[in-house]
Structures are given as structure tokens and as C-alpha cells.
Amino acid sequence: MLENYNTGGIYRTQSLLRHVEIFKNSNIEKEAKELIIAYWNIHKECSKRAFPEPLIYGWEFDYDKDAWEKFLKLQRMHPEQTYTKYIEDQSKKLKS
């Protein structure tokens, strides 16, 4: 549980999705691309904890080679596969 709590402070998938959606809805996607790249790069050293879905769900994603565009594409393909859902599923397993 402590690991989950600590990772929660680093977790950034939902934040990234919100930013991209806001930029899209504001029609400034192209202009904001550099901000998204910077946001992704800021979390590069802790990317497996900041964006854990590929790791925990086995998505075809290479943290060293792939970028945020591929991550978003995969997340949109698997919207039900979130870190929150993973924690919920693990909690249910522990209770049973």
C-alpha cells in the first residue's frame, strides 16, 4: 500500500490526458505540442511510475524509444486500462 501511495504522487497519465484534451478543445493543439513534449520529458527519469499503464498491462511500448504520442494512442485504445483500475483490482484480490 505504501508503494501505491508513493507512486500516486508521481502518477501523471490522467494529467497528461487532461492537458491534451484542453489543448484540443481550445484549438491550440499544434501550438501546445512543445508544452506536451516538455511535460513528457520532465517525467522521463521516472516515466515507468509516471505513466505505468504500458508496464502493468503489457502494452507494446518502449519507455526508452517511444514518445508521448504512442503512449496516448495506446491509452485511447485501452481507456479502461488505467492505474486507478489496476489498484482497485489489486485491492479486490487482496481482500478475497
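Please treat every number below as a calculation from the coordinates, not as lab data. It should be emphasised that the depicted structure is a prediction, and the values quoted were computed from it without experimental measurement. Here Cβ is always computed from backbone atoms with ideal geometry, including for glycine, and neighbour counts include all displayed protein chains.
Being of a type in the set (A, V, I, L, M, F, W, C) and in contact (Cβ under 8 Å) with a residue 24 or more places away in the chain is the filter; apply it to region 51-70 and report the residue that is surrounded by the fewest Cβ atoms within 10 Å (Cβ to Cβ).
Ala67
Condition (residue is of a type in the set (Ser, Thr, Tyr) and either in contact with a strand residue (DSSP E or B) (Cβ under 6 Å, 6 or more places away or on another chain) or assigned to a helix (DSSP H, G or I) (or both)) applied to region 51-67: is it met by at least one residue?
The initial filter retains those residues of region 51-67 that are of a type in the set (Ser, Thr, Tyr), namely 57, 63.
Still in the running and either in contact with a strand residue (DSSP E or B) (Cβ under 6 Å, 6 or more places away or on another chain) or assigned to a helix (DSSP H, G or I) (or both): 57.
Yes.
So, Gln81, is that one buried (at least 16 other Cβ atoms within 10 Å of the Cβ), in contact (Cβ under 8 Å) with a residue 60 or more places away in the chain and either in a helix (DSSP H, G or I) or polar (S, T, N, Q) (or both) or not?
Numbers: buried (at least 16 other Cβ atoms within 10 Å of the Cβ): yes; in contact (Cβ under 8 Å) with a residue 60 or more places away in the chain: no; either in a helix (DSSP H, G or I) or polar (S, T, N, Q) (or both): yes.
When the stated conditions are applied, Gln81 does not pass them.
Would you tally the residues in region 25-46 being surrounded by 12 or more Cβ atoms within 10 Å (Cβ to Cβ) and not in a helix (DSSP H, G or I)?
2
Here are some conditions: (1) surrounded by 12 or more Cβ atoms within 10 Å (Cβ to Cβ); (2) assigned to a helix (DSSP H, G or I). Arg18 meets all but one. Which one does it not meet?
Single failed check for Arg18: (1).
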